[in-house]
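Asks: Okay, handing you the structure first.
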């Protein structure tokens, strides 16, 4: 019987170099950087157009999407996020790590952990819309193009996370 090998973590410098090369390839082949929050917006816009087309045509925000000849789902970010989901699933399956698991501290229940994760995800999604991008789109791709907004986004994201970590640290350690 084959014994499962324990997963070893990748060197962070090597992983950062690989991420930089993927970002460079993204700019070269697709003409734009990486991002994820835009894909969520495209799914919401497509859903609103499908469920309430009259509302979408009269809304200042949705009418430009509704008038376009292409579906909002036909977008680079949508395919990128689908690829990330599929790649993560395949990676976990091939490595034998595909399980249902809630990472948490013994000090917090699964239910409370999931509630905090959903609230945090919603707040981060809201912040990504205010910032016109998420960590990968506004910060990583923005910094790669030396845009001031990319540096401001990165400082805002990590600065806020650092400050709030003191409030939530007791739930983990």
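Asks: State all residues of segment 1-35 that are modelled with pLDDT of 85 or more, assigned to a loop (DSSP other than H, G, I, E, B) and farther than 14 Å from residue 142 by Cα; if no residue qualifies, say none.
Replies: Within segment 1-35, just 11 meets the criteria.
Asks: Something else: For segment 72-173, which fully contained helices (runs of 4 or more DSSP H) count at least 2 residues that are within 26 Å of residue 30 (Cα to Cα) and touching a residue at least 40 places away in the same chain (Cβ under 8 Å)?
Replies: 76-94, 110-130
Asks: Got at least one residue in segment 77-88 being loosely packed, with under 11 Cβ neighbours inside 10 Å, more than 30 Å from residue 56 (Cα to Cα) and either assigned by TED's automatic domain parsing to the domain that holds residue 47 or modelled with pLDDT of 85 or more (or both)?
Replies: Yes - at least one qualifying residue is present in segment 77-88.
Asks: For residue 95, work out the one condition from (1) under 27 Å from residue 38 (Cβ atoms); (2) at pLDDT below 90; (3) assigned by TED's automatic domain parsing to the domain that holds residue 44; (4) surrounded by fewer than 16 Cβ atoms within 10 Å (Cβ to Cβ) it doesn't fulfil.
Replies: (1)
The values are calculated or read from the model by the stated rules, or taken from the named source; none is laboratory data. Keep in mind the model is a prediction, meaning the values are calculated, not measured. Glycine gets a Cβ as well: all are built from the backbone with ideal geometry, and neighbour counts include every protein chain shown.
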